[in-house]
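**Q** Encoded as structure tokens, here's the structure I'll be asking about.
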Amino acid sequence: MELRPFSGTYLTDPAAIWRDLLDGPERVHHAEDLGLWLITKHADVRNALGDAEAFSNALTLMPIYDMCPEALSIVMEIDAPPTTAAADAPTHTRTRRALRATFPNTGARVSEQYGEIVRRRVDELVSRLVARRGTVVDLVPDFAAELPLLVIVDLLGVPPEDVPSIKSWSDGQIALIWGQPDPEEQVRLARGLLDFWRYCQKLVTLRVQEGNDGDDFISKALRYRAGDDEILTENEVASFAFNLLVAGHETTSGLIAHSLDNALAVPTRWERLVDNPAGVPAFIEETLRFGPAIDGWLRVTTRDVAIGGSTIPAGSRCLLLLGAANRDAATFAHPDVFDPHRPDVRDHLSFGYGPHFCIGAALARLEAQVALTSLTSAIPGLRLSPDYVSAYVPNAGFRAHRALPAFVETMVAMDDRTSRAA
């Protein structure tokens with residue numbers, strides 16, 4: 001079969017493709033167009049994520065296609081050591097320990113250490129939207145994409161003037177790995193990725209020269225390292241920055257955009273959140289289940305793996321379809337219904353599972369919750385443009401909206417208030 005993630009239905013309604021895969025007799029599928037094995041069932045995806053011995057992370061950040069020789073030669077110049085997503089034990093065990101010590105990963109710690117930064121950035125962007133009342137704005141670049149980017153550069157101590165370059169490099173990395181660029185574009189994106197890596201190395205070098213006594217994450221990681229390469233190398237600290245500057249905002253951007261789409265596409269959902277902001281956390285969780293920002297993740301088998309009646313050969317690259325797993329009727333009742341009140345709303349796999357569970361999950365939740373709560377309070381009359389049609393950027397793993405045009409109105413129309421009071 002073919003997945004065809006870059007065209008047709010997958011760009012407007014990927015859940016329709018997931019449903020076909022889930023409802024078929026096979027538990028796994030081989031996508032001839034991608035050369036990847038597709039794992040879709042919730043239990044199977046969960047098992048694969050948790051079994052790092054059979055499903056290695058070694059090729060997680062390698063492109064899903066054969067790169068042209070010129071682009072490949074450029075990528076080979078990037079000497080970023082595997083630390084998080086692309087590392088296996090024992091390297092992952094050591095570097096994950098360093099991350100847990102330097103990057104807050106629980107709701108309480110994130111709120112305590114980063115809550116003020118998140119709220120300040122949300123207030124800035126919401127105020128900017130309020131100032132544009134009476135106009136149509138694109139909530140993707142003007143809010144959903146900008147908020148997590150500003151937060152993560154604050155946490156890493158990145159100069160404000162570098163933000164546009166980081167956004168461009170980050171988008172380029174996702175397109176290079178998960179997209180379908182032609183050879184000329186591969187070369188351009190590969191050069192950008194090399195520049196990005198060198199930039200992260202320079203950030204670390206600068207912190208070392210300054211004495212790494214700041215409150216930013218890079219300084220904290222260097223202090224944790226304490227000059228001992230057995231604990232962490234300077235290049236591994238740069239690799240942390242390299243990964244966080246992408247994963248730390250691209251996924252949260254998708255989460256915020258998906259949450260706004262889910263809320264505004266059905267006006268009564270938005271109205272309920274306006275009237276009861278306490279419902280925002282559950283709404284965010286159901287958004288994570290219903291349509292994750294990353295709906296596919298890569299693993300490579302280290303041995304033959306039997307799933308159902310199929311055997312995935314050793315050395316095979318597998319696409320774990322998180323989006324499909326979250327719609328598995330064997331785990332979720334009425335999986336294609338958006339229901340924030342479902343009792344198992346947090347059983348989704350959108351932040352992964354097992355040793356590689358997303359270190360930034362608590363931060364992503366906080367940003368999305370503060371963002372949605374602030375918007376419902378400041379712009380209760382926010383509504384999607386009448387001609388809006390949902391569409392996504394062509395990509396095999398990251399689910400990003402092309403646009404989210406919305407009319408900014410800080411007052412709720414009288415007929416809306418009347419209908420809600422009825």
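Laboratory data are not the source of any read-out in this text; all were calculated from the coordinates shown. Fair warning: this is a prediction, and the values are worked out from it, not measured in the lab. As a convention, Cβ positions derive from the backbone with ideal geometry for all residues, glycine included, and neighbour counts pool all protein chains shown.
**Q** Using the C-alpha gyration tensor of segment 271-422, what are the square roots of 5 times its eigenvalues, in whole angstrom, with the largest one first? Each step should come with its number before you reach the end.
**A** Details: eigenvalues 266, 56, 44 Å².
The three semi-axes for segment 271-422 are 36, 17, 15 Å.
**Q** Ok, one more. Quick one: what does P(r) look like for segment 90-158 with 5 Å bins over all Cα pairs, in whole %?
**A** 3, 14, 18, 19, 15, 12, 8, 5, 3, 2, 1, 0
**Q** Ok, one more. Suppose every K and R has +1 on its Cβ and every D and E has -1 on its Cβ; what is the size of the dipole of segment 8-421 about the Cα centre, in Debye to the nearest 20?
**A** Details: 39 positive and 56 negative charges, 178 e Å.
In debye, rounded to 20, segment 8-421 gives about 860.
**Q** On to the next question. First obtain the Kirkwood hydrodynamic radius of the chain from its Cα pairs, then insert it into the Stokes-Einstein equation at 25 °C and 0.890 mPa s, and state the resulting D in µm² per second as a whole number.
**A** After rounding, the answer is 110 µm²/s.
**Q** Same structure, new question: I'd like the distance separating the alpha-carbon centroids of segment 340-381 and segment 106-149, in whole Å.
**A** 15 Å
**Q** Here's something else I'd like to know. On full extension of the chain, what length is gained from A43 through D23, given 0.36 nm per residue of separation minus the C-alpha to C-alpha distance? Walk me through the intermediate numbers first.
**A** Numbers: separation 20, 0.36 × 20 = 7.20 nm, distance 1.48 nm.
My answer for the length gained is 5.7 nm.
**Q** Can you work out D for segment 91-242 in µm² s⁻¹ from Stokes-Einstein, where Rh is the Kirkwood radius over C-alpha pairs, the temperature is 10 °C and the viscosity is 1.306 mPa s? Write down the numbers at each step before the final one.
**A** Values: Rh = 17.4 Å.
The calculation lands on 91 µm²/s.
**Q** Mind checking which of S111, S170, S310 has the largest fluctuation in a GNM of the chain, springs on alpha carbons under 10 Å?
**A** It is S310.
**Q** Which percent of the Cα-Cα distances in segment 2-53 go past 16 Å? Intermediate values should be presented prior to the final figure.
**A** On the way: 633 of 1326 pairs.
Pairs farther apart than 16 Å: 48 percent.
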